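Colleague: Have a look at this one.
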Amino acid sequence: MNTCLLSVFLTIVLMQGSFLTPLQEGRDTVLIADQMLYGVELQDVQEGTGLFFPEIRQEEGQPGVMVLSDWRLDTLDVKRQKKGLPKLYDIRAGIVVTSFDEGRYALPPISVERHSPDGTVDTLSFDPLVMEVAPVQIDTTSFQLHDIKGQIRYPLTFRELLPYILAAQLAAVLIILAVCLVMMFRRKKSFELEHRDPAHIVALRKLDTYRGDRLWAPEKQKAFYSGVTDALREYIVSRYGISAMEMTTKEIFEDLKGTDVPQDLFSELESLFERADYVKFAKYVASDEENASAVPLAVRFVTTTYQSEVNAESAQERQEQDGQKQNRQEQDGQEPDKKED
């Protein structure tokens, strides 16, 4: 006796009895291998008592009956009484049994050991039930035996191979189509990269749309300054490789320090970005003078930094050309040309 102790402690007041219920829905007959729940139901169980259910071994039951699980406990209902009185529970407990042979089987009796709160221990015994297992009926008049799969004949005929040939051809066509689409996409992307306007042209074109005083009204200044600074942010990304679109004003100008931006232009541009932040986030209204200087300052920053890049590239090209010329003269045995100071 022993194995399953109920997780809550209970005291039994009324026992309903044992039951045998099929786990398969819609069955009124127990067939071979059907699983049945065999157990007892206890009603109006008072809180405070422990229950121990028996461990039913395979050899204790009648041969032909197999026990598939340990005890399963379910609380069907919880009833609350008046204040100060313990709760009452409806409990259902059972094990899963089955049989793989037809016949009539007497199930083992169930005895539950009860431990009352006052220390009393007694045993509750329940009459065993009978499980009658019927065989699976087969209609022999319409039943036909079939192979698991059809016979394979060798060698295979062309008709049998035709579906596989068509499938292979379809797969080849799909692969070729996919490769062509990938190549077209790459060619289009490469063409767009080659024919894309330089960063300074794109920035100047966008800044040109913000010329004039049509966006200087207080309710439109947020769009005006957002457009000007976004155009500059995109240019800074392309020109200096700084992730300006995701950075704050302070972070942008920290990264711009040490670049080719002239110091006076650097300070003016930083003031423009700070003013844009005030307009966008602090409800600051810029003056007409400040508004009028925004676009010209942005254009001056783009043209100045672009021209410095062009000058640096030209100087590098001249240096490379001079180096190549010097190498050719050395190879020809000539004295290299001296540079004038």
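Colleague: Listed here are the pairs 220/250; 206/250; 250/280; 220/283; which of them are more than 19 Å apart at the Cα? All intermediate terms of the calculation are to be shown ahead of the outcome.
Modeller: Numbers: 220/250 25 Å; 206/250 24 Å; 250/280 16 Å; 220/283 11 Å.
Listed pairs above 19 Å: 220/250; 206/250.
Colleague: List the residues, sorted by chain then number, that are 5 or more residues from residue 124 or on another chain and whose placed amide H is less than 5 Å from its amide H.
Modeller: 112, 113, 114
Colleague: Still on this structure, I have one more. If you take every residue apart from residue 179 with its C-beta less than 13 Å away from the C-beta of residue 179, what net charge results, scoring Lys and Arg +1 and Asp and Glu -1? Mind showing how you got there, number by number?
Modeller: Working: positive: 186, 187; negative: none.
Here the count lands on +2.
Colleague: Now for a different question. Tell me the Rg and the Dmax, in Å, that the Cα atoms of region 234-287 produce.
Modeller: 11.9, 33
Every number in this text was worked out from the coordinates using simple rules, so none of it is lab data. These figures come from a predicted structure and were not determined experimentally. Reconstructed Cβ throughout: ideal geometry from the backbone, glycine too, with neighbour counts over all protein chains shown.
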